[in-house]
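Here's the structure we're looking at; comments come further down.
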Amino acid sequence: MSYVHTLTLATMALLAANAPAAAQDCNNDGLADAQQVGVQGLTAQYFANRTWSGTPAAVRVDLGGTGTFDLNNWSLPAGVPSDEFSVRWTGGLVFNQTAPFQFRITADDGYRLYLDGVLIGSSNGVTNNEIVPETPITVTAGTHYIRIELREDYGEAKMKVERKTSSSTTWNVIANTNFRAGVDTNGNGVLDLCDSGDCNRNYMPDAFDIALNPALDCNTNGVLDGCETVAVDCDQNGIPDSCEPSLVGLAGRYYATNDFSGPIVATRLDATGPLGLDFNVTNGDNNEWMPDGVPTDNFSVRWTGSLIVPKSGNYHFQMQSDDFARLMVDGVLLFGSNVGNEERGPFYLEAGTRLIQLDLREIGGDQRMRLRWRPSGTADWLPIAGSRYRPGYDGDGDGTADICETGDCNANGVPDGFELSEGLATDCNANGLPDGCDVATGAADCNANGVLDSCEGAATGLVGRYYPRLGSANPKDPYRPGPLLAARRDASIAFADGNWQPTAVPNDNFIAIWTGTIRTSAESGLWRFRTDSDDGIRLSIDGEVVIDRWLGNAGIGFGAIELAADTAYDIRMEFHEGIGNQYCFLQWAPPSAGSDPAYANVPTSAFRMAIPDCNGNDIPDDCDIANGTLADPGAGIPDPCSAPTCPADLDGNGSVEAADLSLLLAAWGAAGGDVDGNGTTDAADLSLLLAAWGNCG
């Protein structure tokens with residue numbers, strides 16, 4: 001590994017002519033410039049957490065007096081706890097000779113050491129006399145940019161940094177006199193960071209970044225690709241628009257949270273090599289593959305771009321991840337994983353350029369992500385090489401990313417035009433925007449399902465209604481929905497594990513019920529259906545139960561039903577989630593696929609929401625139910641102008657009798673025998689049950 005460079009003075013001297021006037025804190029690091037320029041020591045940012053995140057609790061200059069970089073339970077600034085904190089030291093390190101060097105690190109707990117932006121060494125735990133790098137690196141005489149980070153968990157806090165030349169046998173703890181709190185290599189009295197800026201916040205001047213790695217400025221305009229304006233990088237994926245057609249790989253957007261919330265803290269071109277997207281799987285135990293500014297744990301990353309499919313056919317995918325991950329192709333969720341290694345397929349893909357998105361949510365521990373595929377007729381899993389990826393998506397081939405042409409008003413990573421053309425969203429008022437975006441800006445949507453009230457009957461997808469999961473006194477049906485929590489348009493039933501339900505719905509103990517119509521293609525005969533869910537599920541088509549795993553836990557269900565060609569049928573799918581994993585898929589296969597078919601997710605285009613308006617008041621029935629204009633026939637789901645036929649039949653056998661009375665009394669004070677829908681079994685329910693005594697209907 002060669003590390004020779006002559007950039008520190010020559011490159012920075014070029015910047016001096018246009019240097020800005022020194023401000024009190026021109027680089028916004030929390031310390032006045034006068035306390036850094038030419039000052040011995042390192043700038044220390046202390047955080048009251050273990051992830052170097054948020055605003056520092058304190059900023060000061062450390063290592064300013066006599067002594068060496070050998071800190072052991074040292075005095076911390078006010079506001080910094082003695083445990084569970086982190087500190088970042090930045091500045092300059094002086095080398096008095098050009099020679100091959102190594103460092104030796106002792107740290108409690110995790111640490112990272114960067115020299116001129118290159119990660120030299122790191123550890124996630126206690127380290128004693130670790131020599132980094134394994135092979136000495138040649139460093140030129142002069143001042144170099146250094147960044148040292150320490151994560152303190154519990155107990156003792158210490159950090160010692162030593163160095164030596166490869167020809168020496170003696171390790172020397174680095175003396176404080178070799179550190180500079182702020183680097184000013186051209187001697188103009190201004191921090192180098194302020195001469196050229198530090199837009200990527202890696203504590204090195206942007207010009208120095210580019211000089212070390214010209215690929216970071218693909219359009220050679222002197223601005224780091226990840227810092228370009230919307231005018232140059234319209235989709236803000238960290239790659240200038242003019243460079244996207246000539247690059248391979250995927251655009252990665254990184255968040256310092258594990259749920260894609262908050263600002264994007266880093267962008268990077270990933271998956272460029274022969275292994276494609278492969279972090280910490282094939283390449284060994286390397287937990288430091290994330291960009292600067294991304295914490296080791298509790299981060300998330302979204303990769304987007306194009307997947308070039310070589311030929312039409314069936315493809316299986318294998319995804320290895322730690323922790324939660326999911327794969328979407330052409331805006332359709334293929335599958336998700338939280339088990340570390342999951343294989344799904346086959347999925348039929350047309351040859352050509354496909355829109356792809358991969359998401360990873362890292363919680364703690366290892367960080368892994370790999371995607372491979374197995375084309376039809378191939379026995380082995382193969383890497384999806386970087387040459388199969390492009391960082392942008394230009395489906396119409398006009399040289400401009402589609403997301404820049406049509407926008408992404410709902411910020412889901414899929415161009416609005418693509419969503420509309422593929423039936424993933426509706427545009428009933430023909431204004432070029434998905435209806436959900438119109439609703440978000442004030443259009444009428446009385447049932448809050450993301451579809452304009454005037455368009456619901458023709459909208460693709462299904463109505464998804466979400467409820468808390470309550471117990472029931474009926475042993476044949478032990479789960480019942482509580483009060484409606486949320487309703488929305490769901491494009492399809494293809495939900496990977498984790499946090500796909502509306503925000504008002506808890507992660508555990510909920511019920512989802514999807515209703516609408518499903519239309520067959522031009523084939524009559526035995527249509528086969530497959531469900532994959534955790535937990536129970538029940539599918540009914542045209543009033544007939546096709547799959548019933550309502551009392552089961554996680555697993556796969558199969559069913560079949562005779563359906564006519566090009567015909568719409570009522571569909572109802574019920575799903576209940578207990579605790580743990582949450583996933584739910586509905587797939588089908590046409591009669592021509594045979595008795596052992598390859599199932600595919602039922603596409604959005606096959607579904608219609610078909611909300612009725614039985615009283616003709618131009619208000620969807622479920623809105624009438626919500627505002628009391630119509631009676632609730634059950635769980636807020638429209639059943640045109642009808643009421644529940646026999647709510648007192650608690651055991652579902654078609655009559656109200658002694659067994660129902662027994663169930664009601666056993667549930668007294670709870671919800672299991674609730675007849676009047678107020679959430680409690682009480683005297684009113686008993687009165688209604690006795691009044692309904694006898695056969696239902």
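Please treat every number below as a calculation from the coordinates, not as lab data. Remember, predicted model here, so these are calculated numbers, not experimental data. Here the Cβ positions follow ideal geometry from the backbone for every residue, glycine too, while neighbour counts run over all protein chains shown.
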What is the sum of charges, Lys and Arg at +1 and Asp and Glu at -1, for the other residues whose Cβ falls under 12 Å from the Cβ of G457? -4
Distance in nm between pseudo-label sites at T378 and D398 (7 Å out along the Cβ direction from Cα): 3.3 nm
Would you compute the Debye intensity of the range 645-695 from its alpha-carbon atoms alone, equal scatterers and no solvent, and pass along log10 I(q)/I(0) at q = 0.17, 0.21, 0.26, 0.30 Å⁻¹ to two decimals? -0.38, -0.59, -0.91, -1.21
FRET efficiency estimate (nearest 0.05) - Cβ-Cβ, S454 to T220, R0 60 angstrom: 0.70
For the range 37-69, run through the chymotrypsin sites (Phe, Trp or Tyr not before Pro) and keep only the ones in DSSP coil with at most 11 other Cβ atoms within 10 Å of their Cβ. none
For the chain, can you list the cysteines whose C-beta has no other cysteine C-beta under 4.7 Å from it? C584
Rounded, prolate or oblate: pick one for the range 249-390, where a ≥ b ≥ c are the square roots of the eigenvalues of its C-alpha gyration tensor, a/c under 1.5 means rounded, and failing that, prolate if a/b is larger than b/c, else oblate. prolate
Volume of the Cα convex hull of the range 7-206, divided per residue and given in Å³: 113 Å³
The rounded separation in angstrom of the Cα centers of the range 558-628 and the range 645-692 is 30 Å
Kindly state, to the nearest 0.05, the FRET efficiency for R519 paired with A598, given R0 = 25 Å and r defined as their beta-carbon distance. 0.75
Whole-Å semi-axes of the ellipsoid equivalent to the chain (Cα gyration tensor, √5λ, descending): 58, 29, 24
When the chain is fully extended, how far beyond the present Cα-Cα distance does D542 get from N314, taking 0.36 nm per residue of separation? 79.0 nm
Computed label-point distance, nm, for sites A78 and C646 using a 7 Å Cα→Cβ extension: 7.6 nm
